[in-house]
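Inspection log for the structure reproduced underneath, given as structure tokens.
None of the figures in this text is laboratory data; all of them are computed from the coordinates on show. Quick caveat: nothing in here was measured; it's all calculated off a predicted structure. All Cβ positions, even for glycine, are placed from backbone atoms using ideal geometry, and neighbour counts span all protein chains on display.
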């Protein structure tokens, strides 16, 4: 398979992953998380589009400040 056939597909995957990650960070900031908390939540919920409403409780339980 030539390069010009798979590069557009790969770029779509990267763009989608970037969009989802950005969406989770935006959601984290809307929920009042700081940068460290947002990064932790983003890593934990990498397969989700948004963070759960219980994220603040989870941060307290895991002592993420």
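Counting neighbouring Cβ atoms within 10 Å and putting the fewest first, the residues 29, 45 line up as 29, 45. Length gained on full extension, residue 5 to residue 64: 16.8 nm, using 0.36 nm per residue less the C-alpha separation. The share of C-alpha pairs in the stretch 9-62 whose separation exceeds 13 Å stands at 55 percent. Remark: 56, 10 ranked as 10, 56, counting other beta-carbon atoms within 10 Å and listing the fewest first. By the beta-carbon count within 10 Å of each Cβ, the least crowded to most crowded order of 58, 17, fewest first, is 17, 58.
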